[in-house]
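Read the structure below first, then the notes.
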Amino acid sequence: MPVLKEHLDDLPDSSGVYIMKDVTGKVIYVGKAVVLKNRVRQYFNNSPKQVKVQAMVDNIDSFEYIITLSEKDALSLESNLVKKYNPRYNILLKDDKASPYIKIDMREEFPTIEVTRRLKRDGAKYFGPYLNGLRVWDIVGIIRSAYGMRTCPKKMTAKRECLNYHIGLCHAPCRGRIDKDEYAKIVRRVTDFLTGKDNKAEEVIKAKMAAAAMNEDFEHAIMYRDQLQMLELLKSRTVADLDRVMDIDSFALASSGIYGAASVNVVRGGKMMGVYNYVLGDAAVTDSEALVSFALQYYGGNHDIPDEVCFANEFDSSGLQEYLSALKGKKVEVTFPKKGAKKKLLLMAEKNALDYLDKSAEKQRRNQNMTVGAAERLRDILKLKSARRIECYDISHISGTDKVASGVAFIDGAPSKSDYRRYKIRTVEGNNDFACMAEVIKRRFGHGDLPDLIIIDGGKGQLSAALEVMNGEGIDIPMIGLAKREEEVYLPYKSDPIVLSKSDYALRLLQRVRDEAHRFAITYHRNLRSKRLTSELDNVKGVGPKKREILLRAYPNFADLRSATVSELEAINGIDARTAQAIHEYFKEKQ
């Protein structure tokens, strides 16, 4: 800490980004500051801090900073560095299930309606997101029924009018049934509808429903009825008194000091689209800093930027406003409503954040114990500097054939699948797991970030072989062996293993890493073996895909299949005498 305090005196009075590192040199937090000297010093003063912040401070061994020309530049740099380093104490949002949007590319001569979950800054218009009960394909159905805008692929290559034209759901521009100017009017009405400016859809669909019912076309009458119900749902979500601003995101944060949650209340076209809820783990000094960091990650992902972004508590938002405006390509207002409809939207976001925090706290606690907490406990048990990055290697083969290995990496107790590696064993003949492991360890140390801990699947023998190779390469990385039978942990040069309780999260982490390496290796081995056997068996007359699968199930070991007698092959259910003879002769000729 004295060294850190010396560096504090060197901090400038400029805006910029600070980068906190732990004892191993890994980046654990990235933050931005209007004045670097003031912000960074807040972490090291004696004032009480939230548990999450104090935990981060306790892990700081050094820090760096980068001076920027403006706060906007600092925000942009912070966002990029967080994506680059994935720091443990920053907000890291994962949008695996992005909400759908309606996309209309106005640059097309006859634009079509597309549904997408991926936003691009490509000049097209995006409407949405559609969440919390608003089904995007129901909205598309309303557009087709009320306006007749086409939803087919972009290419205009139809040879004849499709069914949609004949049932009144499309004007068939592909066959010249409508000119460019008239179609452009339809597109404008559709965009007005999607932005809450056109209310004629209900009138059109009611008339179509009445006509369908009169013609006893009850199937279409029911479809129109369902569309009217969706329009009622949209109407019920209209937010009154929003003045001219129709697109607003309202941000709120809830925190227990240890765990946190954030909610974004989304309004588009003057209508409430729903709420996004997120678990947070940020170590920002203030709530406003945490919210800004959250907003950066949120808009840096798969979310569009509205005309206005609202927060409850005021802070200097000039940098954020400038950054979001540059990202959107037009002015974005950052506001702090105190009354009216916008204040109600903020209150709704706050209620959602509090509710989500309450529901997710136990899940967060369990996840913390199983991941970061387990890695920290393992670090303490093994007396390591860090156990943030753990790697494990496993060998897979059948009687020495198709030898492969896997390498998996866990960071902060969670799988880092982009760091998984597969190896074909190149130098080892026959069945020799020790030699295979030695080859893998040697190849692994030739590139990439080195781990804090290596797990070897096995006891003292496997650990000693791997350790010898590592030492021979002049590399010193903590290494342990995990023996399967009793789940004992072996340390180098110690005869007695460490025995952990079966309920210990540290042992559970070791087991997860080991089992994942085993699964990854087995999967790779099976894929290679299946390809090789498929290739060989495809050469046998009378063996097609079905019989090939039967043979592979009956003979997991390829060597046994090669040496099988005709009578043994005939005994397999699904293999006839002629095929058995052909298989036997094929492998006999190959010997």
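The values are calculated or read from the model by the stated rules, or taken from the named source; none is laboratory data. Only a predicted model underlies this, so the values are computations on that prediction, with no experimental measurement involved. With ideal geometry, Cβ positions are generated from the backbone for all residues, glycine too; neighbour counts draw on all protein chains shown. Just so you know, the surface numbers come from the protein's heavy atoms only, side chains and all, with ligands and any DNA or RNA stripped out. Shrake-Rupley method; radii C 1.70, N 1.55, O 1.52, S 1.80 Å.
Summary of computed values
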{"item": "Accessible area of the chain belonging to carbon and sulfur atoms, whole % at 1.4 Å probe", "result": "48"}
{"item": "The stretch 260-349, relative contact order [Cα under 8 Å, separation at least 6], %", "result": "26"}
{"item": "Sparsely packed GluC sites (Glu not before Pro) within the stretch 295-360, loop by DSSP, other Cβ within 10 Å at most 14", "result": "GLU314"}
{"item": "Answer label for Kirkwood radius over Cα pairs in Å (calculated), chosen among [x] 26.9; [y] 31.7; [z] 29.3", "result": "[z]"}
{"item": "Length released on extending from LEU77 to ASN527, taking residue separation times 0.36 nm less the Cα-Cα span", "result": "157.8 nm"}
{"item": "Candidate lysines - alpha carbon under 26 Å from LYS155, same-chain residues fewer than 8 apart omitted", "result": "LYS103, LYS120, LYS125, LYS180, LYS185"}
{"item": "In the stretch 243-366, lysine pairs with alpha-carbon atoms under 22 angstrom apart (chain gap of 8 or more, or interchain)", "result": "19"}
{"item": "Residues whose placed amide H lies under 5 Å from that of GLY281, excluding near-sequence neighbours", "result": "LEU92"}
{"item": "Between the stretch 263-297 and the stretch 161-194, the Cα center-to-center distance that results, in Å", "result": "39"}
{"item": "Qualifying GluC sites (Glu not before Pro) for the stretch 396-491 [loop in DSSP, other Cβ within 10 Å: at most 10]", "result": "GLU429, GLU486"}
{"item": "Anchor LYS547: lysines whose Cα lies under 22 Å away (excluding residues fewer than 8 positions away in-chain)", "result": "LYS531, LYS588, LYS590"}
{"item": "3J(HN,Hα) from dihedral phi, the stretch 140-145, Karplus parametrisation 6.51/-1.76/1.60, rounded to Hz, x for glycine, proline", "result": "4, x, 4, 4, 5, 5"}
{"item": "Cα-projected label distance for ALA559 with LYS494, points at 7 Å along beta-carbon direction, nm", "result": "3.8"}
{"item": "Heavy-atom accessible area per residue - the chain, 1.4 Å, Å²", "result": "51"}
{"item": "Qualifying trypsin sites (Lys or Arg not before Pro) in the stretch 448-501, DSSP loop, other Cβ atoms within 10 Å at most 14", "result": "LYS484, ARG485, LYS494"}
{"item": "Pairs from LYS154/LYS197; LYS26/LYS494; LYS403/LYS424 whose Cα-Cα separation, in the structure shown, is over 18 Å", "result": "LYS154/LYS197; LYS26/LYS494"}
{"item": "Share antiparallel - DSSP beta bridges, the chain, percent rounded to 5", "result": "80"}
{"item": "Entries in LYS159/LYS208; LYS84/LYS383; LYS21/LYS52 that, when Cα-Cα distance is taken, lie over 18 Å", "result": "LYS159/LYS208; LYS84/LYS383"}
